[in-house]
Each structure stands twice: as C-alpha cells, then as structure tokens.
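**Student:** First the structure, which I've put down as structure tokens, then a few questions once you've had a look.
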Amino acid sequence: MQLEVIGVGGAGCRLADAIRAAESATRPFLTDVFVFDTDETTLRQTVVPESNRYRYGEANAAEGGADGGDGDGSRAIERCFEEGDERADDVLEVVGREESSAADAFLVTVGLGGTTGGGTVPALVATLQRTYKQPVYVLATLPADREFDASAGESEGLAGHARTATATSDTEPPRPEAATNVLATLERLEGLASAIVLFDNEAWLRPGETLSDARDRSNREAATQVAAVFSGGSGESGEATAQTVTDASDVERIVGSESAFVTLGYAEQAVETTSSRFGLGLLTTDRDVDTAEAVSAVETVVRKAIRGKRSIECDPEAADRGLLIVGGPPAWLNRKAIADGRRTLQTAIDGSSILGGDAPRPDGETVFAGVVLAGIGPMERLEELRDAADAR
Ligand SMILES: Nc1nc2c(ncn2[C@@H]2O[C@H](COP(=O)(O)OP(=O)(O)OP(=O)(O)O)[C@@H](O)[C@H]2O)c(=O)[nH]1
C-alpha cells in the first residue's frame, strides 16, 4: 500500500525522516513525506526535500517553556489545542497543494509529551479526515519516565521502571508535564484518528543510554516496523509475486477506523543466499535452501515478532485483530511455515480477525516477520502515565 507521511513536532519530523530512510528504492511505499515544526533546526536536520519542510507558528518555548511557564502543563497544551486549528490549516495548505492524495492512507507521526506535535495533531487529523476519504493513522511515541523529573538523574524512576542514572548529558529537556500532555492528546484523538500506533520510548531505552542517544535508534526501529507492515504485502516485487497479497483494505480491516490502539512487532533473521555467499547478486533457488532451515527461520521470526518486544508492550491475548507479514528471499518463504505462522498468531491473540501475507524480496538477505496487533486492551504503560499525571 502507499502511505503519505506527515511528521509534526520534533519527534514527528525525525520519525517521518526515519520512515523515509527505511523505504527501499526498489519497493517504494511512500507517496510523499512532509515535516512541520516550530523549530527550524529540526526541519533542517531531516533529509526531507526543502519543499516538503515547513516551519509554522512560534516555538512553544517562547511562550514560557514547554509547560507555558505557569507550572501547569495542562494549561499549556490546552493553549496549543486552541491554536491547533490554525496550524492544521497551515499544514493542509502545504499538503493539500494536490487536490487529492495518491496515497491509500495518511500516517501522522508525533511524539506525545510535548506541546507542538501533541497540540497540533488532533486538529490536523480532524482536518485530514474532513478533507480526504483515506484513513488517517497516527504513529505516536510515549515519553520515558526520566523526562517527568525536572531534576533528571537524581531520583528513582516511576512505577517500577528501572532508572538508569545516566541522563545527565541528555540534551532532551525535562518535561514534568509530559504524562498530562500525553493523556490530553490521546483523549482528543479518540474518535478522530482511524487508528493509533503507540511506540513506548521507555521500553526501547537501553540501560545507560540517554534519551538523545536512544532516539535515532528508536526511530529506526519504529520505521522498520512501519515499513514491514505497510509496505510488506506488496504484490509484485520484480520477478517474484506474493502468494497472498495484503493491500490497503486488509490493513484497514485489521486496524479498523475507530481509533483502536495498535502495537507493531518485527523480527528478522539473516539467511544465506547465493548473493550473500558469492556476492554475485544471483537469485537463490528452492534447491539451494534446506526446507527444515527455511521452516525454522520462518517459525523463529514469527514467534519473535509476536512474543518479542513490540512497539508497546501488551498481552497479545488482549488484541482483537492481527496481521502477519512474512518476507524474505522467495526460496526461503516456506508456504506451510507461513500458514502455520498465521495459526500461531490466531492462537496467540485469541481474536476473531487474522490476516496474513507474504512479501518476497528477491534481493533480501533476511527472513522477516512484521506483526500488527490491533484493538489492544488495557496497557500497563498507559496506566503508569495516568498515575504519573495524577501524581502531579
Ligand atoms: N522516539 C522518539 N521520541 C522522541 C524524539 N524526540 C522527542 N521524542 C519524544 O517525544 C516527546 C515530545 O518531544 P518533541 O516532539 O520534541 O516535542 P514537540 O512536539 O516538538 O513539542 P515542544 O518541544 O513542547 O514544542 C518527548 O517528550 C520525547 O518523549 C525522537 O526523535 N524519537
């Protein structure tokens, strides 16, 4: 399927940039990528073409810091929501230069916790929904615990998350109001966004890593997950055709249109191909691949994508619907193992709707699985953010 990506705010711009970088030249899945921020530097640091970068409004810092200078983050984000309509119109003026979008869906990327992205995105999603017929999905990061603490690095983290006392050289500002902002934006997105993919920064931080150090790696992880599921089931891939194609309507069926929360999973395993062995770029044939090895590779990546670390943790059983894409060099895509993988997903989520597809990658050197779990139930992380907001 084809996506139009719109990044808003610092994190939103960097995520959009990372998704653009994850796009394969031979299998494009992006019609366009736009980035919008109050901060010129953020925009310049992306590799998005200048015509698609746009600076709008005043930096929120100029209003007295990320919480508006009044110590009450909720008031600051409310002010940004009020400005949201105007900002959404600015965005639409740029994005809507073409009367209709060639994309199958929009993906709005944003980091929740701040005010620029989180303050604009509800109005932007509403405007896009009113203007276009395509679904509008949101990819939203959740802040890490240490951001809530104005004296970062001195005390313990929240709600059982182990704190690594190394945030001192972090260039990310403390955001005591972040949890409040997250909840306010999510509340507004409810009923507006077609679906909301969550990415939990706390879970993707490595011990001893600063937020600034983690962010490029986290963005690459998120972009890989997005590319696997949104570009994954493309039907034609040079000389290889998928046995089971998943298209935009399949993705829509799984993620729904009612602001369901979504988590993404991804796993890959390097496999030997003729090209990796001899560097000749020759295709691997079925005869070269041991069936047991191919089955094992597919089983392994499917299991890890479902049970391993996903964009946000939740019990797979709490999901209503699921999508599985298995990709790699065609000779490695064992059909029976892929069908078994779908059954594994069905059993794991105990839900009613499962779809699956395969994604042949003649030039690929890994077997991979991308998983979408949609309609995910109560999430511990959101509960923790609620507690953090209440504690303020
Ligand atoms: N994964 C990821 N998260 C980020 C990145 N940058 C910031 N974040 C997260 O996103 C949240 C919001 O940060 P920004 O996107 O910079 O904020 P903003 O929307 O520009 O808003 P203001 O800074 O308040 O004007 C932060 O609290 C972090 O949790 C990034 O590059 N990657």
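**Student:** If you check 219, 201, which single one turns out to be within 9 Å of the ligand (Cβ to nearest atom) and within 26 Å of residue 258 (Cβ to Cβ)?
**Tutor:** 201
**Student:** Give me the pairs, please: first residue somewhere in the stretch 9-23 and more than 21 Å from residue 77 (Cα to Cα) and in contact (Cβ under 8 Å) with a residue 24 or more places away in the chain, second residue anywhere and more than 12 Å from the ligand (Cβ to nearest atom) and aromatic (Phe, Trp, Tyr), beta-carbon distance under 8 Å, and either six or more positions apart or on two chains.
**Tutor:** 16/34; 23/29
**Student:** Taking residue 39 as the residue in question, decide whether it is within 10 Å of the ligand (Cβ to nearest atom) and surrounded by fewer than 18 Cβ atoms within 10 Å (Cβ to Cβ).
**Tutor:** yes
**Student:** Please go through the stretch 112-153 and give me each residue that is more than 14 Å from the ligand (Cβ to nearest atom), outside any loop (DSSP other than H, G, I, E, B) and under 18 Å from the mean Cα position of the chain (by Cα), ordered by number.
**Tutor:** 125, 136, 137
**Student:** Condition first: closer than 22 Å to residue 137 by Cα and of a type in the set (D, E, K, R). Now tell me which residues in the stretch 347-392 satisfy that.
**Tutor:** 381
**Student:** Something else: More than 16 Å from the ligand (Cβ to nearest atom) and either modelled with pLDDT of 95 or more or buried (at least 22 other Cβ atoms within 10 Å of the Cβ) (or both) - does that describe any residue in the stretch 156-167?
**Tutor:** no
The values are calculated or read from the model by the stated rules, or taken from the named source; none is laboratory data. Bear in mind the structure is a predicted one, so any value in this text is a computation, not a measurement. Backbone-built Cβ (ideal geometry, glycine too); neighbour counts: all protein chains shown.
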